[in-house]
């Protein structure tokens with residue numbers, strides 16, 4: 001019983017630690033605590049770090065905008081179809097029903113065992129032109145995710161090590177000052193004792209003076225050298241901490257964007273990982289080859305599909321071809337609701353990623369630069385010049 005309690009206790013502790021780690025990696029930190037703004041190298045390096053974050057966010061937004069417009073276009077097509085008058089909608093429904101009837105006839109004719117379910121085939125049929133690229137992107141993203149996690153763990157470890165060393169150096173400097181003070185007090189006491197022996201008892205204590213002063217001087221010198229070295233190392237450690245935080249911010253942005261990409265691709269293809277998508281795509285290729293043998297039985301279906309495309313194009317549907325793979329949604333409200341929900345979820349995911357890059361990454365970096373310009377008016381023009389060069393490349397940010 002104790003063993004099981006310990007096992008599950010460790011499991012919950014590990015899960016909490018993992019969740020805290022993920023939340024920390026999603027957080028973008030800005031700090032100028034240890035930044036010397038009068039140092040032009042550190043100043044420009046920090047400003048360039050903020051501008052690079054804005055630049056990476058701009059590139060990500062450009063790519064997201066294309067995908068977002070594509071999903072929005074599909075939703076608008078559904079709205080166009082639902083807004084048609086009853087007569088025109090009845091024409092579409094009749095054509096859709098013919099297609100569904102032809103498909104049912106094919107299913108009866110085809111007695112072979114399907115390698116894929118209809119739902120899986122329809123998903124891959126809609127996305128087969130993107131599947132190969134999707135497999136490559138998802139595989140690369142999963143591999144990249146492991147590298148980013150390793151980098152973040154390594155950076156977290158280095159950060160903790162530097163913080164520990166900083167605390168050690170501060171303690172060493174403080175202890176050195178205390179020891180110097182104690183040596184001074186002890187030296188004064190020894191001199192008082194020696195004066196008492198010299199004038200009170202008439203003893204010769206010259207060597208006592210010499211030895212005491214010599215030992216005190218050596219000890220104070222050693223402590224002073226150690227304290228000076230510790231202060232120099234402390235400056236180096238604090239600069240390293242500042243640079244490490246900027247590097248962590250950059251890696252965190254990549255981690256969040258890559259995580260969102262993996263989640264979106266899995267959502268888009270309705271899979272859990274790249275292996276599942278690869279398996280589904282390979283089964284789809286085999287299914288296509290087998291269905292090619294039913295070409296004669298598909299002639300009637302092809303004619304009805306052409307009619308549907310012609311009708312939809314005539315009624316200003318932007319992408320009528322996609323409805324060939326989701327015909328049931330035209331006559332089955334539940335299927336239409338499911339597809340609409342899937343598109344809305346995809347668009348929400350894209351919007352979330354766009355808001356993150358625009359508001360969190362680019363927005364916070366921009367606010368950080370504006371705050372620097374206000375707090376350090378002597379460098380305002382230099383900051384504005386660096387920002388203007390960035391805005392020439394990305395005027396929309």
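Throughout, read-outs are computed from the coordinates displayed, never taken from laboratory work. Here the structure is a predicted model, which is why all the values come from computation and not from measurement. Here the Cβ is made from the backbone with ideal geometry for all residues, glycine too, and neighbour counts use every protein chain on show.
Counted by neighbouring Cβ atoms within 10 Å, the residues 306, 239, 252 run from fewest to most as 306, 239, 252. For helix 299-314, what angle does its Cα long axis make with the longest principal axis of the chain, in degrees from 0 to 90 and rounded to 10? With both axes taken from Cα atoms, the answer is about 70 degrees. Seen from a random direction on average, the alpha-carbon convex hull of the range 117-270 projects onto 13.1 square nanometres. Pairs of Cα atoms in the chain fall into 10 Å distance bins, from 0 up to the last occupied one, in shares of 4, 14, 17, 16, 13, 12, 8, 5, 3, 3, 2, 1, 1, 0 percent.
When both the range 286-324 and the range 45-81 are represented by their alpha-carbon centers, they are found 32 Å apart. Calculated on the Cα set of the range 337-397, radius of gyration then Dmax: 17.6, 59 Å. Rounded to the nearest 10 degrees, the inclination of helix 40-82 to the longest alpha-carbon principal axis of the chain is 20 degrees.
Directionally averaged projected area (the range 48-139, Cα convex hull): 9.9 nm². Largest first, the extents of the alpha carbon coordinates of the range 101-161 on the three principal axes equal 70, 20, 16 Å. As I understand it, the value is the acute angle between the Cα axis of helix 274-291 and the longest principal axis of the Cα atoms of the chain; what does it come to in degrees, rounded to 10? With both axes taken from Cα atoms, the answer is about 20 degrees. A crude spin-label estimate for the pair residue 196 and residue 41, with each label 7 Å from Cα along the Cβ direction, gives 5.7 nm.
The alpha carbon centroids of the range 338-368 and the range 85-130 are separated by 33 Å. With 10 Å bins beginning at zero, the pair-distance distribution over Cα atoms of the range 129-214 amounts to 14, 18, 13, 12, 11, 9, 8, 7, 5, 3, 1 %.
By the equivalent-ellipsoid construction on the alpha carbon gyration tensor, the range 68-121 comes out with semi-axes of 29, 20, 5 Å, ordered largest to smallest. Per-residue extension of 0.36 nm, minus the Cα-Cα distance of residue 375 and residue 294, leaves a gain of 21.8 nm for this segment. With helices as the sole contributors, the chain gives -29000 deg cm²/dmol at 222 nm; each DSSP H run of n ≥ 4 counts as -39500 (n - 2.57), and the sum is divided by every residue. P(r) for the range 233-383, from all Cα pairs and a bin width of 5 Å, is 2, 7, 8, 10, 12, 12, 10, 8, 6, 6, 5, 5, 4, 2, 2, 1, 0 %, short bins first.
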